[in-house]
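As structure tokens, the structure follows; a few thoughts come after it.
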Amino acid sequence: MRPELLDPESGLLARVTAAIAQAKTPVDALQDVLRQICGGFGWSAARTLVAETGSDRLRQLGAWCTVEAPPPAGFADFEGVLAAQGIRRGEGLCGRVLAEARPGWLPDLATAADVRLRMAAQAIGLAASYAFPLGEGNAASGVLEFYAREFAEPDADALATMARIGRLVGGLIARSTEQERLRALARHSRQVLDYATDAIVAMDRDHRIVEWNHAAAALFGWTAEEAIGRTVTETIVPPQHREAHRDAVARVLATGASKITDKPVELTGLHKSGHEFPVELTLWSFQEGGDWRFYAAIRDITDRAKVQRALERRALYDSLTGLANRSLVLERLDQLLRQSEPHGKGIAVLFVDLDHFKQINDSIGHDAGDRVLRAVAERFRQAVRPDDIVARLAGDEFLVVCSNVDSYAAGETVADRALRALDDPVHVLGESVFLTASVGVVLAGEDSTAEALVASADMAMYRAKQSGRARHARFDQKAHPLAVAGPQLARELREALQDGQLRLYFQPIVHANSGSIASIEALLRWQHPTRGLLLPQDFMPVAEDSGLIAPIGMWVLEEACRAAAQWTQDGDPEVRVCVAVNLSARQLTQAGLSSAVRHVLAAANMDPRRIEFGVDVSAAVAAGAIPATTSALEALRELGTRLCIDDFGSECSSFAYLKHVTVHTLKMDLSFVQQIDTNPVDRAIVQTVASLGRTLGLDVVAKGVETNAQADALRAAGVGLLQGFLYGRPQPQDELLRTLATARTAARGSTE
């Protein structure tokens, strides 16, 4: 292969790219591309074959290309032989290349199975053929076929170059096919409307109407008696177009030429009542006896214009929210990137994904979910700046494109406004739906493309979700592997559930005054084969988003019941330690939760009173309507299990939740515990929660206790139960059994 073919500025690939960019039509582009390839490799002839939709056949696209001028004698016969071929997927050289999506060649055409091909090729001196797949990946969309007078096996550089050309040409053909489909749709719409009867109007050289049919009377409101003899400028041409009309007629009279004769054009017509409407006019003229006559076939295209506008809107706007759709926002983003100087600067892209939106559909229905999306779309539209573009990509994913943004801070300001727009609940079908969102922010660079920016913003959004949701995150090139790891992590987590990689660790909760164990919290861990022991925050967001939270939650409950049974078996049967199990917000909105719990408890012969379910109320409220979560908790309470509000006091919703569901335990947010021995405000809050617990007859747990000073302050504040490293770290089952044995020994010693 000649080195100049690989030159990035003047080589074959560069010339092919330029041919595609500069050609007026796809056919012209293909012809030029084939000529460039033939010239670059010294091949003689070429053609393009594409796979027919819904068929296993290949068809020839456009004309043949030969670099020899004039073509050799017999070339037309050679073209005819190949045009008559019926090539199927997997048959012959081209059929095999299509099926296998990899290049192939026939070094000696004399060995070809098609006798007519052998003879026709031999007649014009062609000895070898090459074929290369179009498109990308393992599904070829067509084949580029070449013929040469002598065979030379392509080297690695040649194959790499042709692979890239195949992707370029495959994309060109795909775009051309889609454009033709849209044009066919437009032609069909036009044909449907063409059944209407046209208005026929004729005028003389002085613009006076000489003929006027019934359809014209119905269309313009003038009877034939009223219209004939009047000029068209005073009857059917709007005032703003009359001068142009007179100039056009004068040009025809002077030169005999017109830009609008013999072809339909869209203009504006004027009704007798004074209202204007769109019309399609086909004008023709002729001279008769030295005089000119002009005829026009006119039809009202108001309906067609509406259809066209509707089709355009359907193609470019989201039907649910009225926002720009993915196609339109990418087009607008492309325009902004081209217009910005230098390229790409001053543009930020925000990828917004609602947190836990699926739970809204699951709990209160898809119709309510659609209403929520419409409300959210309007809030985003109101929250961003006037020139920002808001689009809905799919489901609960939105995109915001901001121009005139000179820093990440400016883009994050818009992201903050979008997040604040969700502060108030959405009221729908009698429900108050609380929403949060995760936002990824990326700033365009000099080489940015629209698709790349959206992908980068999506990755940044995923980082925001991994960081706890309800926040925004910048795109970080270094964090790419973490962002991309989401789908892979979901697959690994599914395998972990099947292969027994999940673990339960246990942490005791003790009585504040005696130090004896009151209950034990079950905590999930993942013993990853390569990344070691993972904490819930490393994988639970993926579990929730992938739908694995339901089977994982049931596994946790089954293992917790099995462990609790062993505590009783190995210790004093009279000691009935309660086991605390956490529920995610997603679990609370799943149908049949209480039935599944009842089945697990019955199978384990577990007393429901020994199970306490903990729920993070702020997460539950953010995930959907309060009635949906409270209904699930009430069903669990009716089974006889205990209920605990976790992270109590972290949000005002925690207090409001007490009005909706009966619970047994309040577990305070650890932020109040960390500085209770030094911060009087935290001490006052803890005292208030402890007093509330006593008033309502509820147990109060303080978690995160690490020092004796904290424990003393909590006891002084009236907190009855303590949990934290001071009393035991999360530990596997075997270590817990030793802890329980030690506690029992100490308890017996104290009674003796």
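Values as computed for the structure displayed
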{"item": "Subset of segment 208-225 (residues that are in contact with a Lys or Arg (Cβ under 8 Å, 6 or more places away or on another chain), over 18 Å from Asp300 (Cα atoms) and either part of a helix (DSSP H, G or I) or open to solvent by 30 Å² or more (accessible area, probe 1.4 Å) (or both))", "result": "Arg208, Val210"}
{"item": "Listing of strands (runs of 3 or more DSSP E) fully contained in segment 418-531 that carry 3 or more residues being farther than 30 Å from Val701 by Cα", "result": "426-428, 437-443, 472-474"}
{"item": "Of the criteria (1) under 18 Å from Val579 (Cα atoms); (2) at pLDDT 90 or above; (3) in a loop (DSSP other than H, G, I, E, B), which one Val719 fails", "result": "(1)"}
{"item": "Considering residues of segment 482-508 that are of a type outside the set (D, E, K, R) and open to solvent by 90 Å² or more (accessible area, probe 1.4 Å) only, the residue modelled with the lowest pLDDT", "result": "Leu482"}
{"item": "Among (1) open to solvent by 20 Å² or more (accessible area, probe 1.4 Å); (2) under 21 Å from the mean Cα position of the chain (by Cα); (3) not aromatic (Phe, Trp, Tyr), the one test that Ala418 misses", "result": "(1)"}
{"item": "Positions within segment 379-390 being surrounded by fewer than 18 Cβ atoms within 10 Å (Cβ to Cβ) and without any contact (Cβ under 8 Å) to a residue 40 or more places away in the chain, in sequence order", "result": "Gln382, Arg385, Pro386, Asp387"}
{"item": "Pick from segment 606-640, criterion touching an Asp or Glu at 6+ places or on another chain (Cβ under 7 Å) and open to solvent by less than 10 Å² (accessible area, probe 1.4 Å), ranking: modelled with the lowest pLDDT", "result": "Ala625"}
{"item": "Sole exception among (1) in a loop (DSSP other than H, G, I, E, B); (2) touching a helix residue (DSSP H, G or I) at 6+ places or on another chain (Cβ under 6 Å); (3) over 30 Å from Arg175 (Cβ atoms); (4) not polar (S, T, N, Q) for Ala113, by number", "result": "(2)"}
{"item": "Residues within segment 19-73 that are more than 26 Å from Gln122 (Cα to Cα) and small (Gly, Ala, Ser), tallied", "result": "7"}
{"item": "Subset of segment 148-169 that is open to solvent by 40 Å² or more (accessible area, probe 1.4 Å) and not in a helix (DSSP H, G or I) - its residue that is nearest to Val97 (Cα to Cα)", "result": "Glu153"}
{"item": "Residue in segment 57-65 that is modelled with pLDDT of 85 or more and open to solvent by less than 70 Å² (accessible area, probe 1.4 Å) present", "result": "yes"}
{"item": "Options Glu91, Glu145: the member that is over 22 Å from Cys65 (Cα atoms) and surrounded by 15 or more Cβ atoms within 10 Å (Cβ to Cβ)", "result": "Glu91"}
{"item": "Selection count, segment 676-716, where residues are open to solvent by less than 10 Å² (accessible area, probe 1.4 Å), in a helix (DSSP H, G or I) and more than 16 Å from Cys644 (Cα to Cα)", "result": "3"}
{"item": "Arg96 being in a loop (DSSP other than H, G, I, E, B) and touching a strand residue (DSSP E or B) at 6+ places or on another chain (Cβ under 7 Å)", "result": "no"}
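The values are calculated or read from the model by the stated rules, or taken from the named source; none is laboratory data. Just so it is clear, the structure is predicted and the values come from calculations on it, not from any experiment. Using ideal geometry, Cβ is built from the backbone for each residue, glycine included, and neighbour counts are taken over all protein chains shown. Ligands, DNA and RNA are excluded from the accessible area calculation, which covers all protein heavy atoms including side chains. Shrake-Rupley method; radii C 1.70, N 1.55, O 1.52, S 1.80 Å.
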